[in-house]
Amino acid sequence: MGFNESKMENCTFHSLSPWKYGQTYWSSFEFYPEWTGRSFYAFKGVAHHQREFLTQRMVVVKTFKHKTGTSDCWQHYKMRSEVARKMSLEFNKFLESNFCRVRITFLRPVEAEMDKRSFVTNILCYFKKFKKRFEQGEVVLFEDLLEEKLNSYVTSDGNSTPDGAVLDAFCHYTYHASHGNLVVCNLKGNYEKGRFTLTNPTVHSVARCHGDYDNGIHGIKTFFENHICNALCENFLQFECRSPSAPSVCADDATHSNLRDDSGEDVVPAFPPRYSAIYPDGPASSVLT
C-alpha cells in the first residue's frame, strides 16, 4: 500500500515489533496534537492488533516536532523506557520485601511506520501553529494513553514532590543497582490503586548514551545535590564524584543483572537489608504505604 494523503484519518502500518500479548499493533489518530512538548507532538489515538475495531486500546501517538522520525531516532526513547522498566521490576521486589504496598510501572512504547496521512491535518497546518507534515516512510511511536493529566513526581535535577517518596527512592536505587553508572529520573505519570504508571523518563549516565537530555556525570551530580534520602534509601550506594565501581554501560546492560566486572563475570550488587530489620516497628511514614 502506498503512502496516501487523501484519507480522513492518520494511521500507521503494523508496529515494527510485537507490543501486547506477542502481537503487532497498528494505530489511527487524531488530526491535531493534543499535547506539544519540547521535542514531540502527541496525538490521541487508538491501536488494534488486527484490521478491525474489536481490539482497540487508547494510545498516545508521538511524532518529532522538527524532524522526520526514523526507527533510529526513537532508539534513545525506547532505551530509556526499557532500562527504567527492567529496574522497576527489581525495585518492586525490594518494595515487597520491605512491606511497602506501592508498585511502579513504566509504559512500553512501540514504533510503527506511517501508512496514511489525513488531508485534514494538512489543512490545519495552514490555520494553526501546528506545522508538522508527515512524510512517506516516517516512523512514529505509540504507547498506552494515561487518561489523567500527567503529574511530575521527580524532576531530572532531583527535586521531588511530597507524594513521590517511593519514586525518589527508586531513582536512588537505579544508581545503586547500576554501580553508579546511571540514575533514572524525570518521573512523571499517574498514581492509581497503589501503582505509579510512568512514561518517558530521563537517564543521566556516565557513558552519556541515553539521548539529548542525558547530562552525564554532571546530571547525576545535580540529581544528588537535590535528592533527599528517605528510609528506603537507607543502605543504597551513596553518590561520590568519582569513577563508578563497574564499567560504564548502556541500554539493557545498565540493569544490575547484566553488569559485569573486568573478568567478564556477572556482578550483582547486594540488596540492602530488609526495612523491617532496620525499623522493626514498621514504616516510619505513611507516605511509603
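A straight Cα-to-Cα reach below 16 Å connects LYS20 with the lysines LYS78, residues fewer than 8 places away in its own chain not being considered.
Here ASN159 and PHE13 are evaluated by their C-beta separation; at R0 = 41 Å the FRET efficiency comes out at 0.50. Restriction of the chymotrypsin sites (Phe, Trp or Tyr not before Pro) in segment 46-101 to DSSP coil positions whose beta-carbon has at most 12 other beta-carbons within 10 angstrom yields PHE53. Taking θ as phi - 60° and the Karplus parameters 6.51, -1.76 and 1.60, the scalar couplings of segment 184-201 work out to 8, 8, 6, 8, 9, x, 10, 10, 8, 6, x, 9, 8, 10, 10, 9, 6, x Hz in sequence order, x denoting glycine and proline.
Put +1 on the Cβ of every Lys and Arg and -1 on every Asp and Glu Cβ in segment 134-219; which of THR199, ASN186, ILE217 then has its Cα farthest towards the positive end of the dipole? The Cα lying farthest towards the positive end belongs to ILE217. Taking amide H positions as modeled 1.01 Å from N, with prolines and chain starts lacking one, the residues under 5 Å from PHE40 and 5 or more places away or on another chain are LYS65.
Other residues lying with their Cβ under 10 Å from the Cβ of PHE64 contribute a combined charge of +3, Lys and Arg counting +1, Asp and Glu -1. Modelled label positions at THR68 and TYR21, each set 7 Å beyond Cα in the direction of Cβ, lie 3.6 nm from each other. Protection proxy ranking for 224-236, 131-143, using the average of other Cβ atoms within 10 Å per residue and placing the highest first: 131-143, 224-236. With 22 Å as the limit, write out which pairs from LYS44/LYS132; LYS132/LYS188; LYS67/LYS221; LYS86/LYS149 have Cα-Cα distances beyond it, or answer none. Beyond 22 Å between Cα atoms: LYS132/LYS188; LYS67/LYS221; LYS86/LYS149. Find the centroid of the Cα atoms in segment 70-94 and in segment 218-232, then give the distance between the two in whole Å. Here the answer is 20 Å between Cα centres. For segment 13-66, the set of GluC sites (Glu not before Pro) satisfying both a DSSP loop assignment and a count of at most 14 other C-beta atoms within 10 Å is given as GLU34, GLU52.
FYI, it's all coordinate maths here, none of it is from the lab. Please read these numbers as outputs of a predicted model, since none were measured by experiment. Because the Cβ atoms are built from the backbone with ideal geometry, glycine has one as well, and the counts that use them run over all protein chains shown.
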